[in-house]
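One structure below.
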Amino acid sequence: MSLAAEAFVSQIAAAEPWPENATLYQPLKEDQILLSDSASSLAVQTFLRMCGLPVLVSCRANAEYMSPSGKVPFIHVGNQVVSELGPIVQFTKAKGHALSDGLDDVQRAEMKAYMELVNNMLLTAELYIQWCDDYTATEISRPRYSNPYSWPLNHVLAYQKQWEIRRKMNAIGWSGKNLEQVYEDVSQCCQALSQRLGTQPYFFNKQPTELDALVFGHLFTILTTQLTSDELAEKVKSYSNLLSFCHRIEQTYFKEHEREGQFGSSRHSKSSLP
Amino acid sequence: MGTVHARSVDSYPMYGRDMGVNTDDMEMMEAVQETKQEVLENKNVVVQHVNIEGLGRTKEDYLGYEISDVFTARNLVEVMRKSHEARQRLLRLGIFKDVEVVIDISEGANALPNGLDVTFEVTELKRLTGSYNTMVGNNEGSMVLGIKLPNIIGRGEKLTFQFSYGTKETSYGMSFFKPQSGYYERNFTLNLYKVTGQFPWSSLKETDRGVSTELSFPLWMTDHTLKWEGVWRELGCLARSASFAVREESGHTLKSALSHTMVVDTRNSAILPQRGALLRLNQELAGYTGGDASFLKEDVELQLNKPFIWGSVLSASLWGGMLFPLGRQPSSIADRFYLGGPTSVRGFGMYSIGPQSEGDYLGGEAYWAGGLHLYTPLPFRSNKGGLADLFKTHFFLNAGNLCNLNYGEGPRAHLQKLAECIRWSYGAGIMLRLGNIARLELNYCFPMGVQSGDRICDGVQFGAGIRFL
């Protein structure tokens, strides 16, 4: 589709109200989804809840391939398909639902910078631990990723994914790092977030933004997911204001709606915060 | 045999093949001159030796079956006829560039007075042949490299590689073919491939990587093929605007299927036949040997041809098929049937009949299609032969239907479903035969019974293909 056509379609989309049957697609919650995808999916769900936009969550084994960008989660709204948090934020904005409208230009730039930090550090660290740590890859990532597929396709797809991520790590210079260095990066990232948050309820004081959704998505998933070692969760736990931030968002946006169900519980996860 | 063999090997590079054959030919002529009188008196001859000259890598035992019949000849006419048949059999193996027959009287200590020696002088195909093509079409250019290794081990085995490097997609194929010694029609094929297809009528892109083994054999009047195929299929949307129904089918699946095909073909030509019938029955069972897809698929094709007045031919064909999903899973978009287009129900868009979603055709689990044709030679034709023989005019009447069945209902309900909303069309056109493999058609069509969602092609429609309704 040409840019003009795409712009036209988004104009049309803006005119339509948010439908009741908007659906979010993600991999199978019980047997398939991995930490990084689970975190991204939770971030999008949190963002939509913050906006007050209802969305049904549908788990599909082929969610990754259904997505137009090849990444999960994606939402199907009307006849539009939008994937990943950034484009989804743009899309809801076109429909008149935005969280960051109250921010000035400086704050908005700061918010974008912190979102980049989370994507570059936390998400990359999650991918590194999943696919570049051989023990985690063998014990958790490959078996779970390939769970819906039959032999020999399961091995082919899992190794293909692992190579793809490792190539990406090579390109960004992470392949030389060891696990300790990655944990250290996560710790630094958390420290930066913790300092920015301070004692405020949200990153930009009273008003939640997409940054809050993104940080909650990652931290909550890290805290509640059982990996081969607890070290990643321990790094996050040492920042008490981040812990209470996660508690607060969970209480406000999830516990009030329904106690169990929409998110967070996978086979190897602890059901609530420590 | 061994000595003859050795002689031929060193004589070829020295004098060249043609020289050798010419001298032998002259000898043969003399021999025939001498014995001719006796043969006409029905005097028996005995074929004492049958030699094959010019063999390099071909194993002699492989050819023994093909030429042994020559020994049974009892007079010269029979010797010539059987030698000719043996020559045809040798050429059919696809391992020789040329085969010549030399019949000579026997010489040497054991030679009988009425003994004959038959010598087949063969020229083997090169060990390796290559081809290089460029193809342009569908907004895509590609370069195709082909390598063929005929008779690689010496008993008719053939190994072929094809590699296509395109601006959008790369595909390759490798196939190994092995006939049974002495029974060429009974053969085994092993294929390894990756192919990519784009189906704009469904906004679908499919990449298949697979392996298949095939066993072909004739049985009485019929030809059978047993096949196992394991394919890793990757489906994706052709464009971002693809319908969600197609998007839902995206991803990887594994299909492992056993299939059986039976063909009876008595037609005099595969393209534009004058007489004869074709029956093709195909059945596929997927899922029994593993994989994600499980279904049973039946497909039948029937064609009858009959000469009619003034050199015209009347032809009727009927296609039908059904797909039964086994287990809980619904059938995949890649397995269902499609109908419509210039090669099936004319007057409708390519595969643009039946269930669809937002303009993307999803295919159906059951279909039938029938066609009635009257082929006539071009009018105002001055003489027989020449270019005009490649053209024919035809009048056609096509009908068909494609739908999904609810398998909970009985066969009565199925028949009713297939009988309602029938699409049909009629028209006339001219067609061109391309060799004996393909044909082109230019038709003027009147589509009828159009249902909402069907894409039609009212008026002139151009078609090219190898299989026609």
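None of the figures in this text is laboratory data; all of them are computed from the coordinates on show. The model shown is predicted, which means the values in this text are computed figures rather than measured ones. Cβ: placed from backbone, ideal geometry, glycine included. Neighbour counts: every protein chain shown.
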B:L372 to B:K59: FRET efficiency via 1/(1 + (r/R0)^6), r the Cβ-Cβ distance, R0 35 Å, to the nearest 0.05? 0.10
Over the alpha-carbon set of the stretch A:207-248, divide Rg by the Kirkwood Rh and report the Rg/Rh ratio to two decimals. 0.99
Karplus (6.51, -1.76, 1.60) ³J(HN,Hα), θ = phi - 60°, over the stretch B:334-340, in Hz, Gly and Pro reported as x: 7, 9, 6, 8, 10, 9, x
With label points built 7 Å along Cα→Cβ from the Cα atoms of B:I309 and A:T252, find their separation and express it in nm. 9.0
Putting +1 on Lys and Arg Cβ atoms and -1 on Asp and Glu Cβ atoms, find which of B:M322, B:V102, B:N401 reaches farthest to the positive end of the dipole of chain B. B:N401
Counting only residues 5 or more apart in sequence or on a different chain, those whose built amide H sits under 5 Å from that of B:S106 are B:G115, B:L116, B:D117
Compute the signed sum of charges (Lys and Arg +1, Asp and Glu -1) over the other residues within less than 15 Å, Cβ to Cβ, of B:A438. +3
Rounded to the nearest 0.05, what FRET efficiency do B:L296 and B:Q416 have when you use their Cβ-Cβ distance and R0 = 22 Å? 0.50
B:R127-A:K71 pseudo-label distance in nm [points 7 Å out on the Cα-to-Cβ vector]: 5.3
Extended-chain gain in nm, criterion 0.36 nm per residue less alpha-carbon gap, B:Q274 and B:L318: 14.1 nm
Let me understand the stretch B:209-351 better: what is its radius of gyration from the alpha carbons, and its Dmax, in angstrom? 18.6, 56
Report, please, the projected area of the protein assembly as shown averaged over directions, based on the convex hull of its C-alpha atoms, in nm². 44.9
Which listed residue (B:A464, B:L116, A:A109) has the Cα farthest towards the positive end of the charge dipole for the protein assembly as shown, taking +1 on Lys and Arg C-beta and -1 on Asp and Glu C-beta about the Cα centre? B:A464
What is the angle, in °, between the Cα long axis of helix B:17-40 and the longest principal axis of the Cα atoms in chain B? Nearest 10 is fine, range 0 to 90. 70
Total charge of the residues flanking A:R196 in space, meaning their Cβ is under 14 Å from its Cβ, with Lys and Arg +1 and Asp and Glu -1, is -2
Rounded to whole Hz, the Karplus (6.51, -1.76, 1.60) HN-Hα couplings of the stretch B:416-433, x for glycine and proline: 5, 4, 6, 8, 8, 6, 6, 8, 8, 7, 9, x, 8, x, 10, 9, 10, 8
Given C-alpha coordinates of the stretch A:1-140, what is the ratio Rg to Rh with the Kirkwood estimate of Rh? 0.99
Scan around B:E121 for amide H atoms under 5 Å from its own, H built in the peptide plane at 1.01 Å from N, and keep only partners 5 or more places away or cross-chain. B:E53, B:E100, B:V101, B:V102
What per residue convex hull volume, in Å³, comes out for chain A when only alpha-carbon positions are used? 139
C-alpha long axis of helix B:2-15 to longest principal axis of chain B, angle in °: 80
Nearest-20 debye value, the protein assembly as shown charge dipole, Cβ charges on Lys, Arg, Asp, Glu: 1120
At a Förster distance of 41 Å, what's the computed FRET efficiency of A:K112 paired with B:T196, Cβ-Cβ distance as r, to 0.05? 0.55
Can you list the residues, at least 5 places off or on another chain, whose amide H is less than 5 Å from the amide H of A:R60, using H built in the peptide plane? A:Q26, A:L28
Residue by residue through the stretch B:353-366, which ³J(HN,Hα) values in whole Hz follow from phi under the Karplus form 6.51 cos²θ - 1.76 cosθ + 1.60 (θ = phi - 60°), with glycine and proline marked x? 10, x, x, 8, 9, 6, x, 9, 7, 9, x, x, 8, 8
Hypothetical label at B:Y183: residues of the stretch B:193-237 whose amide nitrogen lies under 13 Å (7 Å Cα-Cβ projection): B:216-220, B:224
Computed label-point distance, nm, for sites B:E409 and B:F161 using a 7 Å Cα→Cβ extension: 5.4
Can you find, among A:L153, A:V57, A:T138, the residue farthest towards the positive end of the dipole of chain A? Put +1 on the C-beta of Lys and Arg, -1 on that of Asp and Glu. A:L153
Lys, Arg +1 and Asp, Glu -1 on Cβ, resulting dipole of chain B about Cα centre, debye, nearest 20: 1320
From the cross-link list B:K178/B:K227; A:K29/A:K177; A:K206/A:K237, the entries with a Cα-Cα span beyond 20 Å are A:K29/A:K177; A:K206/A:K237
With +1 on each Lys and Arg Cβ and -1 on each Asp and Glu Cβ, and nothing else charged, work out how big the dipole of chain A is about its Cα centre, in Debye to the nearest 20. 160
Kirkwood Rh and Cα Rg combined as Rg over Rh, evaluated for chain B: 1.06
Considering only chain B, percent of DSSP beta bridges that pair antiparallel, nearest 5: 95
If the stretch B:84-224 were replaced by its equivalent ellipsoid, with semi-axes equal to the square roots of 5 times the Cα gyration tensor eigenvalues, what would those be, largest first, whole Å? 43, 18, 12
